[in-house]
Structures are given as C-alpha cells and as structure tokens.
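Below you'll find the structure, written out as structure tokens, and then a few comments.
The values are calculated or read from the model by the stated rules, or taken from the named source; none is laboratory data. Every value quoted in this text rests on a predicted model; they were computed, and no experiment measured them. Glycine also receives a Cβ, built like all others from the backbone with ideal geometry; neighbour counts cover every protein chain displayed. Areas reflect the complete protein model, heavy atoms only, side chains present, ligands, DNA and RNA absent. Shrake-Rupley method; radii C 1.70, N 1.55, O 1.52, S 1.80 Å.
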Amino acid sequence: MLRSPASLLALTLAGVLAACGGSSSNPMAPTPTTTVTPTPTPTATPTAAATITIQAFTWMPQNLEVAPGTTVTVVNKDNTQHSVTSEATPGAFTPGAVNGVQFDTGGFGTGTRTFTIPANAPVGTVIPYYCSVHLTNMVNMPTITIVAGAAAATPTPTPTPTSTPTSAPTTTTPSTMPGY
C-alpha cells in the first residue's frame, strides 16, 4: 500500500515525538529542570559546660558524657578537700592520660574548680578519674566519656526542589522534503 507524502510526514513526526518522549501538547514549550539545593550536614551542638558534684564522698553523676571542648565545673560540697584527677588505668590511683586527655583540679575544699576537655579529644575516649586526696575512700569510681555532641543535633531541613525552565528547543521545518 502506497502512502501519500503527507501521511509519511505525519508518521515521521509522530515517530520523532515518541522517540524523544514528547507529546502532542506544545512540543516547543520549555522543559523544566529540577534542581535540589544541598543543605548542610547536621552537626551536634556540643555542651558548653558540665558539672561534677562531690558530696558525702560520692561523685554525681558517676559517669559524665561531654563533647570535646567542654568546660567541666567541679563542685565540692564536702567540708574536706577533694580532687578530680584523671588516670590512665581505672583503680591505679596515679595521675595519667587516656588518648592524650588528662586533667587534675588539685585538692580543694568547699567550692568549685574547673578544667576543660581539649577540643581535639578523640570521640569515644573514656577517662577514669579519682580523688588524689582520698584514693580508695570515695564511694564510686567515676568516668568521663567523650562523645560527638552531648546536646541534640540540629535538625536538617528537607531539600526543596526548584524548577528552572530551560530554553525551548530550536527547530526548523524544511519547506520541502527531498525525494517526495
């Protein structure tokens, strides 16, 4: 069966549109492009300060979690001197460091002292400490654990896609088709 040049042209255009994913609705309209704007990765907000309280020969809390760079305040509520002294090995009762983190308030009576965990302290480091004045007379054996961020992480907003139209494709229609 022979087809007319007009029907061949119509079939050719339909094939081109189908191959390009086009539709019969305005093929010259701009095609929107979706762009997702990246958002920053959530980061934990480190605790700026933490407190260890000594009362009745007991440390509270027994295990303290802090972020690198945290300043720890030690409050002595007893009427005797105490210290907060890091040790490399629990129960060794000698000053020491774990992963380069070491602290010692020195002996002090009722009142407060502070020390700061280094900002570059490795996350996951567990530092046991003791009272250098009383050694084994304290009730509990405490630790400080360095965590990535002791406070809640800042929520990450969901990326919002935006549409940006692209320019319409330029097409030329030949006035005559060769061979027809």
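Which condition from (1) open to solvent by 30 Å² or more (accessible area, probe 1.4 Å); (2) within 27 Å of P122 (Cβ to Cβ) is the one that N79 breaks?
Here N79 clears every test but (2).
Go through segment 109-138 residue by residue and tally those that are assigned to a loop (DSSP other than H, G, I, E, B) and surrounded by 14 or more Cβ atoms within 10 Å (Cβ to Cβ).
Matching residues across segment 109-138 total 9.
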